[in-house]
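Reviewing the structure listed below.
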Amino acid sequence: MPARPRALARLLRWLALSVGAAAAGALAGAIVDTLGGEGAAPASPGAGYVVLGLWPALALIAVSARLIWLGWRPARDDADDPGDERARAAVPGARLLAGSAALACACAALGWIAWGAIAWASRHTAFRAPTLGVLVPLAVTVGAAVVAAATWPLARAFLAALTALDGWWRRRRGRALLSRRRAQAVVALAAAMIVGDRAWALRAWLPALPRALVLAPALAAALTAALHHPWPRRRARWWAAAASLAALVAVALALHTRLRDPARVLDAWSAPSLASEVIERVHSLAALRGDVRPAVALEPRPGAPHPDVILLTIDTVRADRAPPVHAAAMPALAALASRGAAFTRAFAPGTVTRRSIPSLAIGVAPTRVRGQMYGWALRLDPRHVLLAERFAAAGYQTAGFLCCKAFWGRDPDLGWSRGLEVLELTEDGDALAAKASAWLAARAASTERRPLLLWMHFMEPHKWNGNATLLPAPDQILPRYDAALTRVDGMLATVLRALEARSGAPPLLAITADHGEGLGDHDTPYHSTNLYNSLLRVPLILAGPGVVAAQHDEVVGLVDLAPTLIELAGFIPPAAPELEGRSLADLARGERRGDPDGGYAYAAMIPDRTVTERREAVVQGRWKLISGRSGEELYDYVSDPGETRNLAGSSPMLHPLRKLLRARAEIDARSPFRKLAR
């Protein structure tokens, strides 16, 4: 065989080991990811997407590492140099330890450089993603060049020191100190100690990470590295070829599933796993949604009018500090509550915005909302249909004047603003109210005759204590919080005046909050950490055409709001699984009296980037059961509004509430999109 084809054949055989090892590692990672992902099944196409994401990356890293080692090889090059007696005497263990120590120093230096760049940017810049995207890579690139230049002489210095140590030991004891096995044990122990130390430092947040998202890449990388151990050539060719073929088949099956059953691809995306990361980079979620085609149409009730619908949500409002319970801080909202239906036992579905608002806007429990964490928000599964989409399909003009680009922004599109024809985003509530009022006036003067769905969200109470981590003095907590409520009440008054200034039929108004605030109760300064009523119980007020002024003490949940607004707007609410909540229209219209011992609400804390423990709560009548890793808590929150007396060990109400939680678990075990499954 000529020299050039022979060299090419050797190169391909050399590459085959890394490619095959990477394929085997990717397949192992896919198994861990598929079995460990929430809601994933062994037949999920996610396995193929994990292989598609891991295989090229692992192969590139493996080939690069081997090339770097071939070019670097400080110990081997020195050992082959007959002029360097110390290096020639170095045992394999010394070479391994020298290389590992130099590599560890290089990694530590690069980590310190990256951390320093981020810390500097946080102090001296706006700490925005574009700024970090320029400064941090630049600092790391320059630092990597310096570290690479310093690593070679450092490795030689380590090798010289270890060789001298081993020579001294040989002279004293007559045997080698740094044998290959001892060196391997030292390296393995040091690596375990480093990983353990970092895991201990992050122990509070590790439970919130999906296990598969951590274990799958780690196992894949470890197996890829292990398979680079010298093999007999013929055997290596066989297993490398078999692993590569299996990886190709897995990828092909995943891409075939995308063409034939896009809903299964979205099932794999919605589970917190490595597969979801790959799917989002390989496919367009909008295109997947178009192929699945979720139903958005609303069926009108014959002869029913379709009034304008105004949904006003406020961040971080406790029910016991807001109308109708506490009217002093919010006079405009108190006036609205006096002429509308006020629900005094309304419960949010979660204690963070990213869980509560999607549940409210979709009409399903937070445990049924599928999606992926993106920053502080939740990127919604494309199959979910939001309230604005349903109203837009029913012929409404839809508009959103909302506080937060991080939640409702369209770059990137997290799905929260789907269905909104007009979108205005600003965190300044006064500016938001002014813009909405001006837009309403301009719309009234235009030829637009479609009914309107307007959604506004105000952020001001969330910032009642500024950016402080600790609470102020006890006598300052309620005054500061109430002052924030009074401020947002003025913003509501601005919008309500703009609505009253219009001619025509009055709109249907709904005002509520996404969650409450701890204010020191149960040692909780703010929110997201528990499921007590200080965080879950929120105001809910309905007013407008057909709504009878009354206070209702039946338990309701904010998942009931979507079907309620749909029915009061003259349409038939879709049935489960599209909407889980029950319509409160009969209560709002005065067609029945509320049952103080009835009603139902469910709430959950779902582990994610800031929530470390899963908890859930169910409320019926005056009773509330909280269940979590730390046990069960049962409260009669009417006689014990502070929820300080746990009755789980003595009350007969524990068993019926447990039954409600078990029923909830059975519902959550089924797909929220089963009608869309093909």
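For every residue, the table says whether it meets (1) open to solvent by 50 Å² or more (accessible area, probe 1.4 Å); (2) farther than 20 Å from Ser356 by Cβ; (3) in a loop (DSSP other than H, G, I, E, B); (4) in contact with a strand residue (DSSP E or B) (Cβ under 8 Å, 6 or more places away or on another chain).
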site	(1), (2), (3), (4)
Pro272	no, no, yes, yes
Glu277	yes, yes, no, no
Gly290	no, yes, no, no
Ala297	yes, yes, yes, no
Pro307	no, yes, yes, yes
Leu311	no, no, no, yes
Val317	no, no, yes, yes
Asp320	yes, no, no, yes
Val325	yes, no, yes, no
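In segment 152-172, the count of residues that are at pLDDT below 80, farther than 30 Å from Leu35 by Cβ, among the basic types (Lys, Arg) and open to solvent by 100 Å² or more (accessible area, probe 1.4 Å) is zero.
Results for (1) surrounded by fewer than 19 Cβ atoms within 10 Å (Cβ to Cβ); (2) modelled with pLDDT under 95; (3) under 21 Å from Ala322 (Cα atoms), shown as yes or no for each residue.
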| position | (1), (2), (3) |
| --- | --- |
| Leu470 | yes, yes, no |
| Val488 | no, no, yes |
| Gly504 | yes, yes, no |
| Ala513 | no, no, yes |
| Glu517 | no, no, yes |
| Pro525 | yes, yes, yes |
| Ser534 | no, no, yes |
| Ile541 | no, no, yes |
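Looking across segment 127-148, the residues that are open to solvent by 70 Å² or more (accessible area, probe 1.4 Å) and either at pLDDT below 80 or in contact with a helix residue (DSSP H, G or I) (Cβ under 7 Å, 6 or more places away or on another chain) (or both) come down to Phe127, Arg128, Ala129, Pro130, Val134. Filtering segment 584-606 to residues that are open to solvent by 30 Å² or more (accessible area, probe 1.4 Å) and touching a Ser or Thr at 6+ places or on another chain (Cβ under 6 Å) leaves nothing. Given the criteria charged (D, E, K, R) and under 21 Å from Pro607 (Cβ atoms), does Arg339 qualify? Against the criterion (charged (D, E, K, R) and under 21 Å from Pro607 (Cβ atoms)), Arg339 does not qualify. When Pro207 is tested against (1) more than 24 Å from Gly29 (Cα to Cα); (2) assigned to a helix (DSSP H, G or I); (3) modelled with pLDDT under 75, just one condition goes unmet, and that condition is (1). Looking only at segment 339-382, residues that are part of a strand (DSSP E or B) and out of contact with any Lys or Arg (no Cβ under 8 Å at 6 or more places or on another chain) come to 5 in all. Taking segment 580-595 as the range and being part of a loop (DSSP other than H, G, I, E, B) and small (Gly, Ala, Ser) as the test, the residues that pass are Gly581, Ser583, Gly590, Gly594. Once segment 398-420 is narrowed to residues that are out of contact with any Phe, Trp or Tyr (no Cβ under 9 Å at 6 or more places or on another chain) and open to solvent by 10 Å² or more (accessible area, probe 1.4 Å), the residue that is nearest to Glu580 (Cα to Cα) is Arg418. Checking the conditions here, which among Ala441, Ala393 is small (Gly, Ala, Ser), open to solvent by 50 Å² or more (accessible area, probe 1.4 Å) and within 27 Å of Pro574 (Cβ to Cβ)? Exactly one residue qualifies, and that residue is Ala393.
Only a single item in (1) in a helix (DSSP H, G or I); (2) in contact with a helix residue (DSSP H, G or I) (Cβ under 9 Å, 6 or more places away or on another chain) is not met by Arg175, and it is number (1). Of the helices (runs of 4 or more DSSP H) that lie entirely inside segment 383-466, those containing 2 or more residues that are free of Cβ contacts under 8 Å to residues at least 12 places away in the same chain and of a type in the set (A, V, I, L, M, F, W, C) span 429-445.
Taking segment 634-678 as the range and being without any contact (Cβ under 8 Å) to a residue 24 or more places away in the chain and either within 24 Å of Ser359 (Cα to Cα) or aromatic (Phe, Trp, Tyr) (or both) as the test, the residues that pass are Tyr635, Lys659, Arg662, Ala663, Ala665, Glu666, Ala669. For segment 416-437, the set of residues classified as within 30 Å of Ser270 (Cβ to Cβ), modelled with pLDDT of 95 or more and not aromatic (Phe, Trp, Tyr) consists of Ser417, Arg418, Gly419, Leu420, Glu421, Val422, Leu423, Glu424, Leu425, listed by residue number. Is at least one residue of segment 347-356 open to solvent by less than 10 Å² (accessible area, probe 1.4 Å), of a type outside the set (D, E, K, R) and out of contact with any helix residue (DSSP H, G or I) (no Cβ under 6 Å at 6 or more places or on another chain)? Yes: one or more hits.
Residues that are surrounded by fewer than 24 Cβ atoms within 10 Å (Cβ to Cβ) and part of a strand (DSSP E or B): does segment 571-579 have at least one? Within segment 571-579, one or more residues are surrounded by fewer than 24 Cβ atoms within 10 Å (Cβ to Cβ) and part of a strand (DSSP E or B).
Whether any residue in segment 365-377 is aromatic (Phe, Trp, Tyr) and within 20 Å of Pro563 (Cα to Cα) is what I want to check. No. If we scan segment 95-117, do we find a residue that is modelled with pLDDT under 75 and either in a helix (DSSP H, G or I) or in contact with a Phe, Trp or Tyr (Cβ under 9 Å, 6 or more places away or on another chain) (or both)? No, there is no match, as no residue in segment 95-117 is modelled with pLDDT under 75 and either in a helix (DSSP H, G or I) or in contact with a Phe, Trp or Tyr (Cβ under 9 Å, 6 or more places away or on another chain) (or both).
Considering only residues in segment 279-288 that are open to solvent by less than 70 Å² (accessible area, probe 1.4 Å) and touching a residue at least 60 places away in the same chain (Cβ under 8 Å), the one that is nearest to Ala47 (Cα to Cα) turns out to be Ile279. Of Val547, Val559, all but one fail to be in contact with an Asp or Glu (Cβ under 7 Å, 6 or more places away or on another chain), farther than 28 Å from Asn465 by Cα and among the hydrophobic types (A, V, I, L, M, F, W, C); the exception is Val559.
Being at pLDDT below 80, within 34 Å of the chain's Cα centre (by Cα), of a type in the set (Lys, Arg) and in a helix (DSSP H, G or I) is true for just one of Arg123, Arg66. Which residue is that?
Arg123
The values are calculated or read from the model by the stated rules, or taken from the named source; none is laboratory data. Note that the coordinates shown come from a computational prediction; the quantities given were computed from them, not determined experimentally. Heads up, the Cβs are rebuilt from the backbone with ideal geometry, glycines too, and the neighbour counts pull from every protein chain shown. Ligands, DNA and RNA are stripped out before the accessible areas are found, and what is left, the full protein with its side chains, is counted by its heavy atoms. Shrake-Rupley method; radii C 1.70, N 1.55, O 1.52, S 1.80 Å.
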